[in-house]
Amino acid sequence: MVKFAVIGAGSWGSAMAYYLGRLGFPTRLWVREEEVLADLVQTRVNHTFLPGYEFPVTVSFHKTIAETLEGNEVVFVAVPSQFCRQIYMRMDEHLKKGQLIVSLTKGLEQKTFKTMTEVMEEVFDSGRKLRLGVLSGPSFAREVAAGHPTALVLASRDQALARELQETISSRQLRIYTSTDVIGVELGGAVKNVMAIAAGISVGLGYGNNSRATLITRGLVEMTRLGLTLGARKETFYGLAGLGDLVLTCTSEMSRNYRVGLELSRGKSLRQMLSEMKMVAEGVRNTLTVHKLAIHKKIEMPICQQVYEVLYRGKPAHKALEDLMSRSLKEEKV
């Protein structure tokens, strides 16, 4: 039987470990926070990040990365993007030749603009011939844990890896599709977080479904522009990792990034919100990274630009919406 490791016990990492354990796979979960680890060992429930779900006995909890990785064929990494490089560096010496490493992170590295698989390729010892992939799509952690029907896409240039994992972890609750467009899948996961903040701002200002539908649709255009410039395929952005995840995070208060937008529109400062959040809202950092990348690549991304202005330049949310609507008129196209 395949053995799994999950690096990161936040909401998504915990939900993935819980799901794998429920399927009967031996799964080791690395827990960074000492208080969360103690809670899991004592109660088998992650009351901080995934309350209400008792882990099956097939899941074990570990303090060290070395112990977590020992003897496992497949490793899922669910770590916020700003910590990924240092975590990959800690993982590297404990990985074995041909091991499957799958990113669950939805973000870009801020300084380099690299996706997480690109950072992996840079950090991991190439001699080990590790098999890399990314799993993404519309997936709130609690709904995956609850067994709600969910579909995700697993992207890898190694199609044997993708098909192997697809067949291994798909179930009646979780359906896995495969793709070779790694960059497209990763960019979709990063940009949708920025759009979710914009949607939250719009709703918080009292605007309705027309406004939100506009943001989602034009947000998809911006996501696609960026992706095509960086070598992704257009059809990826009309799939699960693009439109699917975009719709999910722009329409529900379960999305941390959407809630950030709501609170911004109601007058809370970014610093105050971040101090109150237990879980990372990737869109806050993604906004800065995507904004810089768009400038570097000379790509027009007006929604991302306005979210950046609100988050990092103190621009009033209502003024950002006004500026979007007063831009010069043009033909609709990607």
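The values are calculated or read from the model by the stated rules, or taken from the named source; none is laboratory data. Predicted model only: the values in this text are computed from it and were never measured. Please note: Cβ atoms are built from the backbone with ideal geometry, for glycine as well, and neighbour counts cover all protein chains shown.
Would you mention how many residues in region 58-69 are part of a loop (DSSP other than H, G, I, E, B) and either at pLDDT below 95 or of a type in the set (Val, Ile, Thr) (or both)?
Here the count works out to 2.
Please tell me if residue 95 is under 15 Å from the mean Cα position of the chain (by Cα) and either over 24 Å from residue 250 (Cβ atoms) or not in a helix (DSSP H, G or I) (or both). Don't jump to the end; show me each part of the working.
Numbers: under 15 Å from the mean Cα position of the chain (by Cα): no; either over 24 Å from residue 250 (Cβ atoms) or not in a helix (DSSP H, G or I) (or both): yes.
Spelling it out, it is not the case that residue 95 is under 15 Å from the mean Cα position of the chain (by Cα) and either over 24 Å from residue 250 (Cβ atoms) or not in a helix (DSSP H, G or I) (or both).
Mind listing just one residue for me: the one in region 108-133 that is basic (Lys, Arg) and over 22 Å from residue 231 (Cα atoms) and, of those, surrounded by the most Cβ atoms within 10 Å (Cβ to Cβ)? Spell out the reasoning first.
Keep residues of region 108-133 that are basic (Lys, Arg), which gives 111, 114, 128-129, 131.
From what is left, the residues that are over 22 Å from residue 231 (Cα atoms) are 128-129.
On the way: 128: 14, 129: 10.
Looking at residues that are basic (Lys, Arg) and over 22 Å from residue 231 (Cα atoms), I get 128.
On the given criteria, is residue 112 under 19 Å from the mean Cα position of the chain (by Cα), in a loop (DSSP other than H, G, I, E, B) and more than 30 Å from residue 251 (Cα to Cα)?
When the stated conditions are applied, residue 112 passes them.
Restricting attention to region 45-55, which residues are buried (at least 17 other Cβ atoms within 10 Å of the Cβ) and either in contact with a Gly (Cβ under 8 Å, 6 or more places away or on another chain) or free of Cβ contacts under 8 Å to residues at least 40 places away in the same chain (or both)?
46, 49, 55
Determine which single condition residue 274 fails, assuming it passes every other condition in (1) in a loop (DSSP other than H, G, I, E, B); (2) free of Cβ contacts under 8 Å to residues at least 12 places away in the same chain; (3) under 23 Å from the mean Cα position of the chain (by Cα).
Of (1) in a loop (DSSP other than H, G, I, E, B); (2) free of Cβ contacts under 8 Å to residues at least 12 places away in the same chain; (3) under 23 Å from the mean Cα position of the chain (by Cα), only one is false for residue 274: (1).
What are the residue pairs meeting all of these: first residue in region 26-41, first residue in the same structural domain as residue 88 (by TED's automatic domain parsing), second residue modelled with pLDDT under 95 and crowded, with 19+ Cβ neighbours inside 10 Å, Cβ atoms under 8 Å, and 6 or more apart or on different chains?
28/72
Could you identify the single residue in 322, 309, 300 that is part of a loop (DSSP other than H, G, I, E, B) and either farther than 28 Å from residue 79 by Cβ or small (Gly, Ala, Ser) (or both)?
When all the criteria are applied, what remains is 300.
May I ask you to say which residue of 166, 159, 173 is in contact with a Pro (Cβ under 7 Å, 6 or more places away or on another chain) and either surrounded by fewer than 18 Cβ atoms within 10 Å (Cβ to Cβ) or at negative phi (or both)?
Matching residue, one of 166, 159, 173: 173.
Residues being under 19 Å from the mean Cα position of the chain (by Cα), over 20 Å from residue 49 (Cα atoms) and assigned to a helix (DSSP H, G or I): count how many of those fall in region 137-164.
1
Of the residues 317, 281, which single one is in the same structural domain as residue 208 (by TED's automatic domain parsing) and within 17 Å of residue 205 (Cβ to Cβ)?
317
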